[in-house]
Every structure is written in structure tokens, then in C-alpha cells.
Amino acid sequence: MASATEDRWADPRGELLAAQAATPVYELYGLKGLPAGEMPEPDQPVAGRIGYHLRSGKHDVTAYDWEQYLGFADKHLLRQP
């Protein structure tokens, strides 16, 4: 999941709460959900099997967002060490 600090079209806090609420289900299967108890600082992504980043800026999809999405996908789909 991702949001931006100035995004008036999204609900960054609600997205984080949803990811936190899903974490216990992942843990039932021995997987780490979202390793964040609080809102992460902007531009400091957090990820277990659930990932979240809060990007500086407005509503958009930027190169930074794509770097986070693709890095997350590589980690979980390519299963690189």
C-alpha cells in the first residue's frame, strides 16, 4: 500500500490501519505482516509480507512509488535471498 503526505484523494492513516488489521491473519500462517506499529516517516518504506510507504508529495504515481512496488514484488515473487 502507498500514499503521499499531501494526498487529498486517499486516507494514509486508514490504509495503515487496514494493513495492521490484516497482520494477525498473516501471522496465523507464520508470515510477518506489516512490521510497523506507527505511521512510518515519509519516504521510509516498511515491509514484511505486507508493505506500506508514505511518499512525500501530492496524489500521483511516481518513479519512487514504482521502485517500491517493484522491489516488493522482486522480494516476494522472485524469492531472492
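The values are calculated or read from the model by the stated rules, or taken from the named source; none is laboratory data. Since this is a predicted model, take the numbers as computed values, not measurements. Ideal geometry is used to build each Cβ from the backbone, glycine not excepted, and the neighbour counts take in all protein chains shown.
Per-structure values
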item: Test: residue in the range 30-47 that is in a helix (DSSP H, G or I) and surrounded by 12 or more Cβ atoms within 10 Å (Cβ to Cβ); result: no
item: Count - residues of the range 48-60 that are within 15 Å of Ser3 (Cβ to Cβ) and either in a loop (DSSP other than H, G, I, E, B) or of a type in the set (Ser, Thr, Tyr) (or both); result: 7
item: Among (1) exposed (fewer than 12 other Cβ atoms within 10 Å of the Cβ); (2) over 12 Å from the mean Cα position of the chain (by Cα) - the single one Thr5 does not satisfy; result: (1)
item: Members of the range 61-77 found to be assigned to a helix (DSSP H, G or I), out of contact with any Asp or Glu (no Cβ under 9 Å at 6 or more places or on another chain) and hydroxyl-bearing (Ser, Thr, Tyr), listed by number; result: Tyr69
item: Inter-residue pairs, beta-carbon under 6 Å, first touching a residue at least 40 places away in the same chain (Cβ under 8 Å) and in the range 42-61, second part of a loop (DSSP other than H, G, I, E, B) and polar (S, T, N, Q), 6+ apart; result: Ser56/Thr5
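For every residue, the table says whether it meets (1) surrounded by fewer than 17 Cβ atoms within 10 Å (Cβ to Cβ); (2) at pLDDT 95 or above.
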{"site": "Ala10", "(1), (2)": "yes, no"}
{"site": "Gln20", "(1), (2)": "yes, yes"}
{"site": "Tyr26", "(1), (2)": "yes, yes"}
{"site": "His59", "(1), (2)": "yes, no"}
{"site": "Gln68", "(1), (2)": "no, yes"}
